[in-house]
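Trainee: Take this structure first; my questions come after.
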Amino acid sequence: MPAAPPSPLAYPSAPPLGMPAGGVDLRRGLSTALVVLLGVTVAALILAFVGRAGQYSVYSDIADGATVTGKTIDEANDADDFAVVTFYLSTAVMIAVTVVWPIWFRRLRLNAEVYAPGQHRFGSGWAAGSWFTPVVQLWFPKQIANDIWRASSPQGPQNVRRGLLNGWWVTWIVSIVMFLAGLVEFGKANGKAHDEGLSEFNGHIDDMASGLAMIMFAYLVTIAAAILALLLVRQITAMQEQRASLPPQPGGAAPYGAPAAPYGAPAAPYGTPPPYGPPGPAGPAGPADQPYPPYGHG
């Protein structure tokens, strides 16, 4: 019997670690820079939290009945100034993260296309653009991340655990909502207090303290989100390196939702009949002929 032709490969052989080849780019420069920036972000956010805590302490004392004098106002202004400085410092660091993150995220998406070609819900352009597109930025990046995570899993898409990924996304969304709500409430009350003068300061102090409490909570959640993001970068980088080191998968990637053997498992012997035969001329299509839902659905 003549030898069987080789099965088509779902993706090329693994490139040398750290070198871009065959569409897979495993260089660690971006991920290392992102890990460093996220570490600096955590430190800057802690400093910003301390600044807001100083504000909250001053305004809480006033709300508890402390006499409002010129000295008290000076202390409040000093606390405000320190909080503003730490806010701008943390914002500058986060802007740097905002520049590097989409570039790194798009590289992950391009690598994931090699691992699972044609099985992603969004193109590689959305991997960067979705973060800056109003409204859809609240869920498109997470769906893209789900697809990348599944495609990059060395154990196969059927054995994916997304606890770290889900935890990072939830803390990130909660931090944004709480931070915006706190800034609006504090800014509105603080503006009225300064416009109406010292005599009306006490009338707005409770709202200012409430806004600061929300901002402080938002900083704590953001710190948690930044730590989880740092762990996420390390984890997905390791996953893609492990995924690329596996032998080529014969026969193409299994469609999402279908039972699949682990990556790198040998193909069935040549000549083994498929579990379902081709449909007859008038008969209904078998299960093997049914379309599958999009890869990474959910």
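Trainee: Within region 170-189, track down each residue that is over 22 Å from the mean Cα position of the chain (by Cα), loosely packed, with under 15 Cβ neighbours inside 10 Å and either at positive phi or modelled with pLDDT of 90 or more (or both).
Mentor: Residues of region 170-189 over 22 Å from the mean Cα position of the chain (by Cα): 182-189.
Filter once more, so that each one left must be loosely packed, with under 15 Cβ neighbours inside 10 Å: 184, 187-188.
Matches in region 170-189: Val184 only.
Trainee: Here's a check for you: in region 83-95, which residue that is surrounded by 16 or more Cβ atoms within 10 Å (Cβ to Cβ) and not hydroxyl-bearing (Ser, Thr, Tyr) is farthest from Val233 (Cα to Cα)?
Mentor: Result: Ala83.
Trainee: Same structure, new question: Among the residues of region 37-52, write down those that are under 16 Å from the mean Cα position of the chain (by Cα) and either buried (at least 17 other Cβ atoms within 10 Å of the Cβ) or among the aliphatic types (A, V, I, L, M) (or both).
Mentor: Here is the first cut: in region 37-52, the ones under 16 Å from the mean Cα position of the chain (by Cα) are 37-39, 41-42.
Leu37, Leu38, Thr41, Val42 - these are the residues of region 37-52 that are under 16 Å from the mean Cα position of the chain (by Cα) and either buried (at least 17 other Cβ atoms within 10 Å of the Cβ) or among the aliphatic types (A, V, I, L, M) (or both).
Trainee: State which residue is nearest to the chain's Cα centre (by Cα) when the search covers only region 149-167 and only residues that are surrounded by fewer than 18 Cβ atoms within 10 Å (Cβ to Cβ) and of a type in the set (D, E, K, R).
Mentor: Selected residue: Arg162.
Trainee: Of Asn146, Asn111, which residue is touching a residue at least 60 places away in the same chain (Cβ under 8 Å), under 15 Å from the mean Cα position of the chain (by Cα) and buried (at least 17 other Cβ atoms within 10 Å of the Cβ)?
Mentor: After applying the criteria, what remains is Asn146.
Trainee: Just a yes or no: is a residue in region 152-163 in contact with a Lys or Arg (Cβ under 9 Å, 6 or more places away or on another chain), under 21 Å from Phe105 (Cα atoms) and hydrophobic (A, V, I, L, M, F, W, C)?
Mentor: yes
Trainee: I'd like the residue in region 114-143 that is of a type in the set (Val, Ile, Thr) and part of a helix (DSSP H, G or I) and, out of all such residues, is surrounded by the most Cβ atoms within 10 Å (Cβ to Cβ).
Mentor: In the first step, residues of region 114-143 are kept if they are of a type in the set (Val, Ile, Thr); the result is 114, 133, 135-136.
Subsequent filtering for residues that are part of a helix (DSSP H, G or I) retains 114, 136.
Numbers: Val114: 19, Val136: 15.
Among those that are of a type in the set (Val, Ile, Thr) and part of a helix (DSSP H, G or I), it is Val114.
Trainee: Being closer than 17 Å to Thr41 by Cβ and free of Cβ contacts under 8 Å to residues at least 40 places away in the same chain is the filter here, so list the residues in region 59-91 that pass it. Can you show your working first?
Mentor: Going through region 59-91, the residues closer than 17 Å to Thr41 by Cβ turn out to be 85-91.
Scanning region 59-91 gives Val85, Phe87, Tyr88, Thr91.
Trainee: Suppose the filter is closer than 22 Å to Ala225 by Cβ, at pLDDT below 95 and part of a helix (DSSP H, G or I); does Ile148 pass it?
Mentor: Yes; evaluated as a whole, the condition is true for this residue.
The values are calculated or read from the model by the stated rules, or taken from the named source; none is laboratory data. Bear in mind the structure is a predicted one, so any value in this text is a computation, not a measurement. We place every Cβ from the backbone using ideal geometry, glycine too, and count neighbours over all the protein chains shown.
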